[in-house]
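**Student:** Got a structure here, written out as structure tokens. Questions coming.
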Amino acid sequence: MDQNAATPGIQQKTYDAASFQGAVDLAAWDLSIACGSCHVGGGFVEKDRNGQRFSSLASIQQAGGEQMAGVFDPYLFYVQDQYDQITGAPNHVLKQAPWSFPYFNNMNPADGAFKAPFGWGQAAWGNGIQDGQLMMPNVKEMDCLFCHSKGYNNLMASVMTYSGMHFMSAMAGSGIMDTNSLSPTYQGYNAQNVSFTTYSTAQTGKVELVSLNGAALDNIKAKPDINNCKNCHAPSGLKDIPDMMRDFLSSAPMIYTASPMSPFTGVEMPAFDFNAPFGMTWDWQLGPYATSPTVTKYDIFGLLGYLPPTYTPDPSKSFSFIPSIGFPATMGPTVYNASIMAIEGVVGGGNPAGTGPLYYEKFVTAGDPTSGMDQNSLKRGAVPFPRADWFKRGDLFGDVSQEVHLDFGCAGCHMDTATSKVDNGTFDGKSQCDPGRGYDSASATEAVPGVADSRNTVKKCIDCHITGKNSDGIAINTFNAPNPTAAHALRGLTNNVVNAVGVADDSGTEGTFLGNHIDAIDCTVCHVYKKQMVVRMLDSTSGNRYPGMYGTDPAKGMMGMFTDPMPGVTNELQEWTPLYTWQKIGTDDKVKNGTKNADWRRKVYGVNIITAAVWNNDDPSVDHNGDGVPGRSADRSKVTAATPFNIVTNYDPPIARNMKAGMNYGPSGFAPIPVGFGNGQYASAFAQDGSFTGAFQYVGLYGGNINLSTPEEISAYKAFRTTYKAGLDNKDWSGVKLLYVGGPYMITHNVRRTNQYTLGKSCADCHAPNKGFFDGGFNMTGLAIKAEAGKQFMMSGAETLQVVAHKDDLDTGAELATKTGAAREVTFETLGDWNAATKTFTPNPSGEYKKILDLDRSQALYPDQVAYTAADGTVYPNREAYVAYLIAIGDAPKAEISSIGSTGVTVNPAEVTLTQGTAYTLAATSAGSLPAGNYTYTWGSTDVTSSENQVGQNVTRTFTKLGAYTLNLTVKNNNTNEVRTDSQTIKVVAPAPAAGLTTVGTVDAVTATKMATIPLSTMPAHTRLYVTWGDGGTNSYTTATASYNLSHKYYSAVSGKSYTMLVKVINGTTIVEQFNVTVTFP
């Protein structure tokens, strides 16, 4: 804030010493260390808001780090974290930021001040500084080599940044400075990249001029090499543990040792041993063993080919150096190998199997394990962080199977953009050194049109594949990208069947119109495929940040992060579907040159949400972060029946260093981690032997940090903080909640070839149940290791982190947007009951406990509970009804014959008997929930040809042919052309003949002759008679007369015997009458 708007420039906010510690969480110096470890430099890590370099601001500072009136601002001062070694209690110190420092002859104060013609040191500053002494600037300047020096090593640059030696970070990263601690020119110039020229002048005497040699100059590229971009943004993968150092981390692991080599922060890289974790050498050639093998500098020199002639290389020591990462396999003293490190030439090894690969262990008293772990050392260490776009979006750039555009390099889309938004002295757009950026706010782009606007300076999909021009209408290199319009049309994606959002008039007013899927869906939604790790949760409850992974095989636990961790073991990473939601801003400026932008759209795009787990104060009587704004509950005043998810969270988290103070820290093989709190039940998740104590349900996948996840753990921690506050900041914790708040990161990389993966080939790819577009859940907590008592971290499986708390101790919210671009916070929680004994949660809307759920994908797309209108004009009363409609569009149709006439057939009887010549209604069950016009019902049967098929859900059919046939129903979803069928066996029989038309006269049966005569009269029209006599005989008579006498001899007849005869009166092929006659012999 500007303290006096009436005066020139921006006056920084100032504090007294006590207020500074209570209000400033991260000062500018802290940001230059923490953010600068990955940041290219310049901007907020070099200058204040008035554009003045921090190093020049230092000239107004007084000796001892205090200004004349004891007033401090967060640009010139910072709080140096300090903790009691045993208890971890805070003992922080307010210090002057070392944006510049005095330079001495031979870098030794004892040799006197080094003075220069323009040295701006002043004796009045004290501390032995003399007038005119050279003051070395120590700001994090824009590092051009970061991007343009091929082979730049950001890990080495971050070591210098964490050390506070900003002036050396570019030298270390580019290789101009020798960072090999085994080299005789260590921390001097690297002879492979520089040349020395000696000359003399009268003014300077004999000096050496240092310049970049030809090899270094050849590595300076106008367009950044893709590997330079990958240094910070995305790895190729994560094969095994050594690969973390080569291709995964963007910032270095660091441990506090009070090293004189790091005078500003006291941190340095920890010792490491890649031969220790598995009791085998990293190349799996030696082992198993109890202690890792010793490695000497001569072993390494021999492998690198510059062993002195007096030494012979030892081929059995191939494990001493790891070529893929350019590091020795082990280096540095640990708490385990002091005896061997005293031997001349030894650089590392001698560590117990199962330890490492990084060693953060430091005893309070050197060599005495009973003294405990040094809490000051652990809490001031740095957690190594993965590369940014893998972290945020799960991006991998290994080969073209992962990203089809990989051969173009990052510069193909981000540098060669021909944008007109270039810096011209007054406008801050895209400079020659600034990679092109997207547009929407989820891309984190600058957006102050006319002042600072670098949006839409990257090539978009449409630029190369459709228009051949960038957002400014300027022709670009398209790399011969194929035009997908015909393919889109073939799949129906260009049909106008969607309510799209565009610009209605020159004022920029938005409006909906009947558009197509390309108008409403970003290209990446259909073409990006993720089968890799990503960060889903960032646990920030302990003062540090620990990523919670997703996309690994849970059964493999921590080892599931690695695809090829050891011989014979490969791990398959898991597919995950991005969350789909609406852009907040859209694709471009709504108005250009005073006229509406007809190409502007607000589209659905894919995101990964990272959920930050933080403590947040709701108590209005407490201001935890010291910003002058006390806590308050999430603002639900705007929540109505129409907008139930419009929640505005107020953020009042405790100061980060205070979070560290309240936790017990311990070492893991990857980072210093919080292991518990207090001295009681929850003191540590780990026992002395490294096994789990069972105190906590879960620990993190990335190193083993505790995840507070049960009502008991959370309540106990809050109670502990209340007792702990007296020695810290005296701020009450009763109103502090555990807050899981999610922020979206737009996904644009990992576009696959269309023959590998693409959505949109069928409506059912998205518009069907369980496709993860309109329905289903999106994990919000990541995976965690189940910390069962007695089990080991490395050997334990993982599962989805389950978080339950008392309902007053937990809040959730995901920052998303509606189709109109309105910001919303969507909750992902439910109430219920908690069984502390079994650690189980049962949903109950009146429960006293709250559990974190997967985020409902339908709520992410349609947060508001209002009526929604479909493209065909149908109004759906709420989100659930509308989403049900959207899902049904591509759902497989249901084909079921429900009835034939009055006979229900849904139970599928073996056969249905129908009467010839009778009309029957054939009825089908509804094919789905869409309006009727979305389905086609076709009826056919095997007694007719397809040309006689009938169309309709219910039809009338008369069967004319006698016999057994199959009745078929085919149902088609007209949106997807997907069909389903049902069938039923039918038997067509002649109708039952009429009875009582024929008159049967007196039957004359004579026993002696065995003859019987049966007179018939008044018979209906007929052509023949067919008689079954009842004794096994039959006869057919051709006759058309109304009267006829039948006669027959019954050879088996005896007195008193009766026979039942059957008479059929037939006209052509139709039985017009049939009847029985009894013949009895007297």
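The values are calculated or read from the model by the stated rules, or taken from the named source; none is laboratory data. Here the structure is a predicted model, which means the values were calculated and not measured. Glycine also receives a Cβ, built like all others from the backbone with ideal geometry; neighbour counts cover every protein chain displayed.
**Student:** So which of K1057, K1064 ends up being under 30 Å from E911 (Cβ atoms), among the basic types (K, R) and surrounded by 13 or more Cβ atoms within 10 Å (Cβ to Cβ)?
**Tutor:** It is K1064.
**Student:** A further question on this structure: Just a yes or no: is a residue in segment 15-35 over 38 Å from the mean Cα position of the chain (by Cα), part of a loop (DSSP other than H, G, I, E, B) and not polar (S, T, N, Q)?
**Tutor:** yes
**Student:** Now for a separate question. Go through (1) in contact with a strand residue (DSSP E or B) (Cβ under 8 Å, 6 or more places away or on another chain); (2) in a helix (DSSP H, G or I); (3) not assigned by TED's automatic domain parsing to the domain that holds F670 and name the single condition I518 misses.
**Tutor:** In the conditions (1) in contact with a strand residue (DSSP E or B) (Cβ under 8 Å, 6 or more places away or on another chain); (2) in a helix (DSSP H, G or I); (3) not assigned by TED's automatic domain parsing to the domain that holds F670, I518 misses (1) alone.
**Student:** Have a look at S420, S401, S377, S324 and point out the one that is closer than 25 Å to I33 by Cα and among the small types (G, A, S).
**Tutor:** S377
**Student:** I've got another one for you. So if I check each of G126, G164, G173, which one is crowded, with 19+ Cβ neighbours inside 10 Å and closer than 22 Å to L57 by Cβ?
**Tutor:** Within the list G126, G164, G173, the selection yields G164.
**Student:** Restricting to segment 243-273, and then to whatever is in contact (Cβ under 8 Å) with a residue 40 or more places away in the chain and over 30 Å from N376 (Cβ atoms), can you tell me which residue is surrounded by the most Cβ atoms within 10 Å (Cβ to Cβ)?
**Tutor:** D243
**Student:** Quick one: what pairs do we get from segment 566-582, first residue surrounded by 14 or more Cβ atoms within 10 Å (Cβ to Cβ), second polar (S, T, N, Q) and not in a loop (DSSP other than H, G, I, E, B), C-beta under 7 Å, 6+ apart or different chains?
**Tutor:** P578/N608
**Student:** Considering only residues that are part of a loop (DSSP other than H, G, I, E, B) and hydrophobic (A, V, I, L, M, F, W, C), look in segment 247-256 and name the one that is nearest to the chain's Cα centre (by Cα).
**Tutor:** F248
**Student:** Exactly one of these conditions fails for G933: (1) outside the structural domain of K972 (by TED's automatic domain parsing); (2) assigned to a helix (DSSP H, G or I). Give me its number.
**Tutor:** (1)
Table: residues versus (1) in contact (Cβ under 8 Å) with a residue 24 or more places away in the chain; (2) buried (at least 22 other Cβ atoms within 10 Å of the Cβ).
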position	(1), (2)
F670	yes, yes
P674	yes, yes
F677	yes, yes
G680	no, no
Q697	yes, yes
L701	yes, yes
A719	no, no
L728	yes, no
V736	yes, yes
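**Student:** Right, another one. Taking the conditions exactly as written (over 28 Å from V400 (Cα atoms), among the hydrophobic types (A, V, I, L, M, F, W, C), modelled with pLDDT of 95 or more and within 30 Å of the chain's Cα centre (by Cα)), does A481 satisfy them or not?
**Tutor:** The answer is no for A481.
**Student:** Between G305, G326, G332, G345, which is on the phi > 0 side of the Ramachandran plot, modelled with pLDDT of 85 or more and more than 37 Å from the chain's Cα centre (by Cα)?
**Tutor:** G345
**Student:** How many residues are closer than 24 Å to K1057 by Cβ and of a type in the set (A, V, I, L, M, F, W, C) if we restrict to segment 990-1024?
**Tutor:** Residues in segment 990-1024 being closer than 24 Å to K1057 by Cβ and of a type in the set (A, V, I, L, M, F, W, C): 9 in total.
Conditions tested, residue by residue: (1) in a loop (DSSP other than H, G, I, E, B); (2) within 26 Å of P253 (Cβ to Cβ); (3) hydroxyl-bearing (S, T, Y).
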residue: M549; (1), (2), (3): no, yes, no
residue: T552; (1), (2), (3): yes, yes, yes
residue: V607; (1), (2), (3): no, no, no
residue: I610; (1), (2), (3): no, yes, no
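**Student:** Same structure again: Which of (1) within 25 Å of G700 (Cα to Cα); (2) touching a Ser or Thr at 6+ places or on another chain (Cβ under 7 Å); (3) among the hydrophobic types (A, V, I, L, M, F, W, C) is the odd one out, the single condition M795 does not satisfy?
**Tutor:** (2)
**Student:** Being part of a loop (DSSP other than H, G, I, E, B), touching a residue at least 12 places away in the same chain (Cβ under 8 Å) and either at negative phi or surrounded by 20 or more Cβ atoms within 10 Å (Cβ to Cβ) (or both) narrows it down to one residue among A892, A884, A860, A837; which is it?
**Tutor:** A892 is the lone residue from the list that is part of a loop (DSSP other than H, G, I, E, B), touching a residue at least 12 places away in the same chain (Cβ under 8 Å) and either at negative phi or surrounded by 20 or more Cβ atoms within 10 Å (Cβ to Cβ) (or both).
**Student:** Could you check how many residues of segment 914-949 are within 15 Å of D982 (Cβ to Cβ) and not aromatic (F, W, Y)?
**Tutor:** The qualifying residues number 13.
**Student:** Same structure, new question: So, in segment 744-774, of the ones that are farther than 30 Å from K972 by Cβ and either part of a strand (DSSP E or B) or among the hydroxyl-bearing types (S, T, Y) (or both), which residue ends up farthest from the chain's Cα centre (by Cα)?
**Tutor:** V751
**Student:** Please work out which one of (1) surrounded by fewer than 16 Cβ atoms within 10 Å (Cβ to Cβ); (2) modelled with pLDDT under 95; (3) not in a helix (DSSP H, G or I) is the condition L816 fails and give its number.
**Tutor:** (1)
**Student:** In segment 363-400, which residues are among the aromatic types (F, W, Y) and more than 30 Å from M780 (Cβ to Cβ)?
**Tutor:** Matches in segment 363-400: F363 only.
**Student:** Please give the number of the condition S259 fails out of (1) part of a loop (DSSP other than H, G, I, E, B); (2) closer than 30 Å to Q574 by Cα.
**Tutor:** (2)
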